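To start, the structure itself, in structure tokens.
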Amino acid sequence: MFYLILIVLLLGLIAGPSYWVKRTMAKYSHPDDRYPYTGAELARSLLDEAALQAVRVEVTELGDHYDPIEKAVRLTPDKYHGRSLTAITVAAHEVGHAIQDRDGYPPLALRTRLVQWAAPAEKLGASILMLAPVILMATRAPVASLLFMAGGLLTLGTSTLAHLLTLPMELNASFARALPLLEQKRYLIRGDMPHARRLLTAAAWTYVSASLMTLLNVARWLTILRR
């Protein structure tokens, strides 16, 4: 019973943030015509005001993000074309990252390097984990398998580590960059500010909640290797 309760608690800690982020984003996605401008139009306006005319605003299917390499704010179709409070707030958050880039904000550069390194590291980690049982059978040396397993688990968790370490950067984009822009120019409809704050918090936790879900993948590999 103790282990069952522990498992339930761990699942709650891992899946809870992801559920809350999705629920918050969905809640303020309606009505979808609340504002007279789209997320893309707001992003373009905020970028121009920040002297970032060279930064593009593009539609993507790969999740809302700012690409510091290509200098582009990318929004999913519902945010790019949408006129909801969610679309407006998420667009402002991503512009916040563009402003961080303009200002040479060190944590953004750190995350860029970590994310670039994490993708190939995760692939390597998965390969190592798949090879671990084979090596154990071929060499009959448990130490070799344990080393491979440890290396695999570490590399599988690099994405989680990268996003957890950069949560302060996400909060900075939301509350030190995006929120002042929305307040100073009065882009928000009266009464929407408290809801925008919740959305900006959710936007900051998006990467963290997604990366926490990768811990379930690590747990799955541990279960397989224990068999």
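The values are calculated or read from the model by the stated rules, or taken from the named source; none is laboratory data. Quantities reported herein were computed from a predicted structural model and do not represent experimental measurements. Methodologically, a virtual Cβ is constructed for each residue, glycine included, from the backbone with ideal geometry; neighbour enumeration extends over all protein chains shown.
Return yes or no: is Glu61 acidic (Asp, Glu) and assigned to a loop (DSSP other than H, G, I, E, B)?
Yes.
Does Thr89 qualify as being among the polar types (S, T, N, Q), surrounded by fewer than 22 Cβ atoms within 10 Å (Cβ to Cβ) and closer than 30 Å to Pro31 by Cα? Before you say what the answer is, go through the steps one by one.
Details: among the polar types (S, T, N, Q): yes; surrounded by fewer than 22 Cβ atoms within 10 Å (Cβ to Cβ): no; closer than 30 Å to Pro31 by Cα: yes.
Against the criterion (among the polar types (S, T, N, Q), surrounded by fewer than 22 Cβ atoms within 10 Å (Cβ to Cβ) and closer than 30 Å to Pro31 by Cα), Thr89 does not qualify.
Cβ-Cβ under 8 Å, sequence separation 6+ or interchain: first residue in region 86-109 and assigned to a loop (DSSP other than H, G, I, E, B), partner of a type outside the set (Val, Ile, Thr). Which pairs?
Tyr105/Met169; Tyr105/Asn172
How many residues does region 23-36 contain that are under 16 Å from His93 (Cβ atoms) and either touching a His at 6+ places or on another chain (Cβ under 7 Å) or without any contact (Cβ under 8 Å) to a residue 60 or more places away in the chain (or both)?
Summing the residues that are under 16 Å from His93 (Cβ atoms) and either touching a His at 6+ places or on another chain (Cβ under 7 Å) or without any contact (Cβ under 8 Å) to a residue 60 or more places away in the chain (or both) in region 23-36 gives 2.
May I ask you to verify whether Ile14 is in a helix (DSSP H, G or I) and at pLDDT 95 or above?
no
Residues of region 110-130 being of a type in the set (Gly, Ala, Ser) and either over 16 Å from the mean Cα position of the chain (by Cα) or not in a helix (DSSP H, G or I) (or both), which ones?
Of the residues in region 110-130, the ones of a type in the set (Gly, Ala, Ser) are 118-119, 121, 125-127.
Scanning region 110-130 gives Ala121, Gly125, Ala126, Ser127.
Just to verify a result, which residue in region 21-46, among those that are within 14 Å of Ala98 (Cβ to Cβ) and out of contact with any strand residue (DSSP E or B) (no Cβ under 7 Å at 6 or more places or on another chain), is surrounded by the fewest Cβ atoms within 10 Å (Cβ to Cβ)?
Ser45
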